[in-house]
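Below is one structure, written out as structure tokens; comments come after it.
FYI, it's all coordinate maths here, none of it is from the lab. Keep in mind it's a predicted model, so treat the numbers as computed, not measured. Counting neighbours? That spans all protein chains shown, and the Cβs are built from the backbone with ideal geometry, glycine included.
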Amino acid sequence: ANQPTEAPTPEELITEYEGIPVSFDDRGFPRLGDPTAPVEVVEISSFDCPHCREFHETVTPSLIERARAGDIVFVYVPLWGTGGIPNGEGAARAALCAGEQGRFWEMHSILFHWQGQFPASPFSTNRLTAGIENLGLDVGAFNACFNSEKTNNTLEAAREFAISKGEEFTGTPSVYINGVLVSPATLDEITTAIDEALARVRRDEATEEPEMTPEATVEAVVVEETEEPPVEETEEPMMEMTEEPEMTSEATVEAAAVEVTEEPEVTPAVDATEEPMVEATEEPEMTPEATQEAE
């Protein structure tokens, strides 16, 4: 009688996501990890699908660690009705609404845990509500979200996303790494695909660096060419123009002034004062003496 409401929430299912960023993309799909991580892993999945539970148990733990390391962002596309277990739609709605309170990934793990533990009726309404309470979430907000337009739109977007893959989508789980389908979706195949995608991203980054280096070099050369010549042209010509012409003209004027003032003063002084004085003093003094001697 109590089984439909029994809702175990093992501690390890709650703590395994600690420290990893969580968000929703613009379609409402939950994301685990940094949205700008170099590799995007997209899983189209359904809580009522037994193969999806197997994927969750064998592959998801590795994806959690890769998201924690910053290698990937893990996107969950919530389909329902692909596995035949009752109330898969209710499970998808419960997980999305737990996500509205920041606990999608914890609820996602709990739902797969219940699928294995209660195969006949893992997603009864009472069990879903009890699980929300055990996570410490607001039941009133959960109930308001459960049948909201936003939740309806996300489930419809998930269905359209799967359809958009065409014949490539053959069922759940389907895993795409940077848009490329990985099949079979085993741990080894997915690990290899992630590593190869990371290597491609790093190669692309490495090829971009040399392209940036010449640009930086050209910019540095342009800076040097535009800065250095003005220093030489403004300093040297200014020194020559301001010092040499001013010094030369002043020195020339001063030298000319000295020559002009000295020559008129010295030359006339010698000629004018000496010759007349000799003639004037000698002739008068000799004339009286000559007169007396003659007498």
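Quick check on the exposure proxy: order F47, F104 from fewest to most C-beta atoms within 10 angstrom. Walk me through the numbers before you get to the answer.
Numbers: F47 30, F104 25.
Placing the least packed residue first, the sequence is F104, F47.
By average Cβ neighbour count within 10 Å, what is the ranking of 130-138, 10-18, 85-93 from highest down?
In descending order of packing, they fall as 85-93, 130-138, 10-18.
Please report the equivalent ellipsoid semi-axes of the stretch 1-86, computed as sqrt(5 x eigenvalue) of the Cα gyration tensor, largest first, in whole Å.
25, 17, 12
Would you mind ranking I177, I163 by Cβ crowding within 10 Å, fewest neighbours first?
I163, I177
Relative contact order for the stretch 1-155: what percent, with Cα pairs under 8 Å and sequence separation of 6 or more?
Working: 236 pairs, mean separation 44.4, N = 155.
That works out to 29 percent.
Sort H113, H56 by Cβ crowding within 10 Å, fewest neighbours at the top.
Least to most surrounded, the residues fall as H113, H56.
Would you please state the base-10 log of I(q)/I(0) at q = 0.09, 0.18 1/Å for the stretch 52-182, with intensities from the Debye formula using one equal scatterer on every alpha carbon?
Log10 I(q)/I(0), no solvent term: -0.27, -1.11.
Amide H of F24: which non-local residues (sequence gap of 5 or more, or other chain) have their own amide H closer than 5 Å, using H built in the peptide plane?
R31
Averaging sequence separations of C-alpha pairs under 8 Å and six or more residues apart, then dividing by the length of the stretch 1-54, give the relative contact order as a whole percent.
Relative contact order of the stretch 1-54: 17 percent.
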